[in-house]
Structures are given as structure tokens and as C-alpha cells.
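The values are calculated or read from the model by the stated rules, or taken from the named source; none is laboratory data. Here the structure is a predicted model, which means the values were calculated and not measured. Cβ: placed from backbone, ideal geometry, glycine included. Neighbour counts: every protein chain shown.
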Amino acid sequence: MLKKNDLVDVEIVDLSHQGEGIAKHDGLVFFVENALPGEKITMRVLKVTKKMGFGKIESYHTYSPHRKKNIQVDYLRTGIADLAHLSYEEQLKFKQKQVADNLYKIAKLPDVPVFETLGMNNPKHYRNKAQIPVRRIAGQIETGFFRKQSHDLVPISDYFIQEPEIDKLINYLRDLFRRFELTPYDETSQTGLIRHILIRRGHYTGEMMLVLVTTRPKIFRIEQVIDAIVSEFPQVKSIIQNINDQKGNAILGKTYKTLYGKDTITDTMLGHEFSISAPAFYQVNTEMAEKLYQIAIDFSDLSAADVVIDAFSGIGTIGLSVANHVKHVYGVEVIKEAVRDAQHNAKQNGITNTTYVCDSAENAMAKWVAEGIKPDVIMVDPPRKGLAESFIEASAKTKARQITYISCNPSTMARDVKRYEELGYRLEKVQPVDLFPQTHHVECVGVLVRE
Ligand code: SAH
């Protein structure tokens, strides 16, 4: 039986859904970072449990032909870009296989066509958003990313997948904090002021929002800090303070206060203008999200008489993109600022046939059914945990001709698809779209048609 620190020669046989190499030894499955299928390695055992183990590379004996060289290990260690060591072509195949495997294993659907993952032409520097911890290391304020499963900050200045303007602002803020001697948060002693910086940038407009997450309201010499930021970065249109005085992993607290400029920034998607509030969700890869939405819209085969439900609507990006081609759009979203954005965005774009409510999707769906609203197409775009059983039942009861399922987690999508199949829908096809190049994250659109 292997134990901690043992060395053993193994071959990597697969990639886990998190992108770690998988090796098998003595009937145990081992997960190894920075190891690709086909590679023969000497592995040092880090940990063994009854069913599985974790190992790390001691040395490589052979390399995969698909390995990309000269990738900074910090990108893998911190999980910013945990697939960066795999060629992009293979990343796209990996994602297609993730979707197909989940449909096969969980939904028992081996035959549904899962198309090739639609990839990016230039799969770098795409993220329009960053959430960066601020900590002190060896006496100095640093910004970077936490090492996976830890709160040890790894200082980074080139984030590889973020828009370069965002990296520039982060590095500028780090230097500014040093100059103004602002204290970074210390988790152990629960002291210090600055916990995180969040930055969002309108992909097309270039407008930037900065959120400073602090432990308490007062920021020493804040006027000078703001002056410095906006004179160096005039594209910063909104600076917001978020106060998080709680212990724990949540990045954001409940209180927001606008320190400078607007409460929102603006961007465009598929030709419409969108205002985005700090707490609202906005897809991090605008170029590919537009492709994703367009596929979802094309797959939905909409016509002028259709009533559409946009569930998990965020700031209304999907619903407002289809509103002009259908009779009415009903949207639901649980974050109140996002719902306000969606209502404002409808008005701003001259769209009058949408109704956005603030509620859980499951509650709203039940209410709409009770009110006798008869959707023709239901578009869902839930978070990783997928749909609630009550939502699935209520939505199936409407007898909508199609459910267009946008998913960021193929395993919960497969679970939900299985339920829809039991309730009279059939999964016709799935198109994966690469919204998160260089990472293990998988996004796809599935079409469920009523039998
Ligand atoms: N369709 C939008 C948002 C998708 S992200 C877009 O493409 O931008 C998922 C959204 O679901 C988030 O805005 C989140 O706040 C919201 N959400 C999470 N749980 C929810 C629930 N139970 N009911 C309604 N909305 C929910």
C-alpha cells in the first residue's frame, strides 16, 4: 500500500474534469497536477485515502505531444489557467468529451450529437473581469491569486487570460497602495483594510469599474487615491467601495457605496447597450458569450408570435437580444440590482415587450404557470448547481415547445436533462462553446424539444 512521500512510476491515463492528470495504481485513482494523458512520470505521493490519492510530479519520463512548453506553473497552481499546459485544440476536444461523458454517464444518453467545441481565435487576454486578493508578503503589499485550495497569495503581474488593461490597473493599484501605505487584510489576525480589488471592463466600450473591498468604511486619504486612479486611468467610470467585515471566504460583503462616478458601467452585446451594476452577473468573455447567445437564439427557432421565458436573466442580455423577434419576454433573476439593470436596459434600448421580476426562478415559474402564461420557448441559464426540481416540473407543465438550456456545468445539465426526458422532452443536440479558454470550465447550449 502506498503512503505519503512514496515514489512510484505511473502513466497518466486521463484528465479529470478539473484538468488534473489521472493515474491508476493498486486499484486507486491518483490526481496529479500538471500531468497530461500519455505522460510517464515518477510521482511523489502527497496523500492517500481509501478510494483515491493525490500525487505530484517528481520527474517526467515522457512528455505528451500536446503539452505546451514555457507555461508559468503559477497559472496552473493558482487555477487561473489550469489547462494552459494543454494545446488549445486538445482543450476544445476535452470540453466536448466532458459534455458527452456526462450525458452518457448521468443522463444515459449515449447518442445525442455533441458538436465540436466552438473555440476562440486568440484564446488569451479575454477576461473582462478580475477578482484579486490583496495581501502582505515579506513586508510588502502584493496582488495575485491564491494557490488552489489555500489562501496563500502567489504574486502575479501578468494574468495571461485577463484583458491587458485590467492587468495594468491591478498593478497600478498595488503600487499605489504601497505608496499610500494602505494596509492589506490579514486573515489570521483579522486586521488591515484592503481585502480584494474587483475590476470589470466593458469589452467594447473600454469603460472600467473598480470595486475596493475593505474591512471597514474609512479609507485613509481616499480622495487622493481616487484622484490618482482616474487621472492615470480616465476610462475608470465608476469606483465603488464594498464593505466586508466578516471572517470567511466570501469576497463581497452586503454594503456598497459609490465613491466616484456612476453606479454602473456600460457595454454592448449583440448590438444592444447594457448597464451593469457591481453585484450583477456579466459573462466574463464577451466575444464568446455573444456567440453562445447567438447559438441559443438560432437553436430556439423563434417567431413573432412566441412568448419566451428568460430564466436566470441577469441584466437581461439574452431576453433583450430576442425581444425584437418575439411577442413577449418574461425574465426572472434573484439579484435585485441585476433586475433593475434589466428593466433599465430594456428602456434604454427602446424595448417595450419585456417583464423582468426579482424572484427565484422556481417561484416565478410556479407563479407564471398559475397566471396562465403560456411560453413557447423557455431559455434557462442557471448557475453551476443547475435547476431546482420544482422549476423543472413547473416548466415542463407549461408544455413549451422547447427548453433551451445554457449550462456552465455539464454534470448538473445532464441530471436536469434526465428529468426533462422523463417529463416528455428529448435532448436533440448540444453545442459546447469555449467561454473559458485555458481553464477546465465548460459551457454549452442544449436543445430540449417536446415530444
Ligand atoms: N443569463 C445571464 C445570467 C446568467 S448567470 C447572462 O448570460 O448574463 C446565472 C444568473 O442566475 C445570475 O445572475 C444569478 O444571480 C442568477 N440566479 C442564481 N440562482 C437563481 C435562482 N434560484 N433564481 C433566479 N436567478 C438565480
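Results, tabulated for the structure shown:
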read-out: Filter result for the condition that a residue is without any contact (Cβ under 8 Å) to a residue 60 or more places away in the chain, within 16 Å of the ligand (Cβ to nearest atom) and of a type in the set (Val, Ile, Thr), over Thr404, Thr352, Thr412; value: Thr412
read-out: From Ala289, Ala250, residue being closer than 30 Å to Asn121 by Cβ and either under 24 Å from the mean Cα position of the chain (by Cα) or within 16 Å of the ligand (Cβ to nearest atom) (or both); value: Ala289
read-out: Conditions (1) over 22 Å from Gly319 (Cα atoms); (2) in contact with a strand residue (DSSP E or B) (Cβ under 9 Å, 6 or more places away or on another chain); (3) away from the ligand (no atom under 15 Å from the Cβ); number of the one not met by Glu422; value: (2)
read-out: Every pair of residues 6+ apart whose Cβ atoms lie under 6 Å, when the first sits in segment 59-78 and is under 17 Å from Met43 (Cβ atoms) while the second is aliphatic (A, V, I, L, M) and buried (at least 17 other Cβ atoms within 10 Å of the Cβ); value: Tyr60/Ile41; Ser64/Leu36; Arg67/Leu36
read-out: In segment 184-212, the residues that are under 19 Å from Asn249 (Cα atoms) and in a loop (DSSP other than H, G, I, E, B); value: Tyr185, Glu187, Thr188, Ser189, Gln190, Gly192, Leu193
read-out: Hits in segment 317-330 (condition: within 10 Å of the ligand (Cβ to nearest atom) and either part of a strand (DSSP E or B) or β-branched (Val, Ile, Thr) (or both)); value: Thr317, Ile318
read-out: Search result, residues across segment 83-134 that are closer than 30 Å to Thr183 by Cβ, surrounded by fewer than 22 Cβ atoms within 10 Å (Cβ to Cβ) and basic (Lys, Arg); value: Lys129
read-out: Qualifying residue in segment 363-377 (condition: in contact (Cβ under 8 Å) with a residue 40 or more places away in the chain, under 24 Å from Met269 (Cβ atoms) and aromatic (Phe, Trp, Tyr)); value: no
read-out: Segment 278-316 - residue that is among the acidic types (Asp, Glu) and in a loop (DSSP other than H, G, I, E, B) and, of those, surrounded by the fewest Cβ atoms within 10 Å (Cβ to Cβ); value: Asp301
read-out: Only one of Asp306, Asp298 that is among the charged types (D, E, K, R), under 21 Å from Met120 (Cα atoms) and away from the ligand (no atom under 12 Å from the Cβ); value: Asp298
read-out: Within segment 368-382, tally of residues that are within 15 Å of the ligand (Cβ to nearest atom) and either assigned to a loop (DSSP other than H, G, I, E, B) or among the aliphatic types (A, V, I, L, M) (or both); value: 6
read-out: Positions within segment 58-80 being modelled with pLDDT under 95 and either closer than 22 Å to Ser407 by Cβ or among the acidic types (Asp, Glu) (or both), in sequence order; value: Asp74, Gly79
